[in-house]
Amino acid sequence: MKKIKQSMILNMEIKKIAEKLDLNELKEAYVESYKNLRAYHISTYQNFYEAIKEIQYPEYDNLKREDINWYPQIDYKKCINCKECINFCPKGVYTLKNDTVIVEYPYSCVINCTGCVSHACNFGAISFPKKIKKTIDI
Ligand code: SF4
Ligand code: SF4
């Protein structure tokens, strides 16, 4: 989780610096290459989802990921279907179904991350269970 946070912060900082220096071409090239890398990462996670569900976590008494019920839920009374959570989540947890954002890959969610709540959803539509005490450093 520490590494994911660091890469998100680095990504935001690079974009900010390029903006400050008015290096639009650099910014656009960076955003494009990051988008491609991200798309590849997400498709890998989605393609191997059945295997991801089977991963065991020593930090949680060797429970399988699919036995740890920690993942986002969307409150559709608040959600405006802006799709920012899809654009943000590096694990591809959210997808579109019939043009509605859904949590399609809950067990790909990084336990205790909550990045989509703090950095993507401006409508308070995403919730999680309480953070689990032990954290996993991936
Ligand atoms: S907390 Fe949100 S951003 Fe982080 S992995 Fe889970 S769904 Fe993705
Ligand atoms: S970011 Fe929030 S409001 Fe936008 S689609 Fe996702 S859950 Fe809905």
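Packing here is the average count of other Cβ atoms within 10 Å per residue, and on that basis the peptides 68-74, 13-19, highest first, run 68-74, 13-19.
Given only helices, namely DSSP H runs of n ≥ 4 each adding -39500 (n - 2.57), what is the per-residue ellipticity at 222 nm of the chain, to the nearest 500 deg cm²/dmol?
-13000 deg cm²/dmol
Roughly what percent of Cα-Cα pairs across the chain reach past 27 Å? So the portion of pairs separated by more than 27 Å is 25 percent. For N122, project a label point 7 Å along Cα to C-beta. Then give me every residue of the stretch 73-106 with its amide nitrogen under 18 Å of that point. From the stretch 73-106, the list is 78-89. Think of each Lys and Arg Cβ as +1 and each Asp and Glu Cβ as -1; about the Cα centre, that makes the dipole of the stretch 1-117 roughly 200 debye. Ranking of R38, R65 by neighbouring Cβ atoms within 10 Å, starting from the fewest: R38, R65. The string of couplings for the stretch 67-84 from the Karplus curve (6.51, -1.76, 1.60, θ = phi - 60°) is 9, 9, 7, 10, 6, x, 10, 9, 8, 6, 6, 9, 5, 9, 6, 6, 6, 4 Hz, one whole number per residue in order, with x for Gly and Pro.
Relative to the longest principal axis of the Cα atoms of the chain, the long axis of helix 24-47 lies at roughly 20 degrees.
None of the figures in this text is laboratory data; all of them are computed from the coordinates on show. A quick note: this is a predicted structure, and the numbers were derived from the prediction, not measured. FYI the Cβ positions are ideal-geometry reconstructions off the backbone, even for glycines, and counts take in every protein chain you see.
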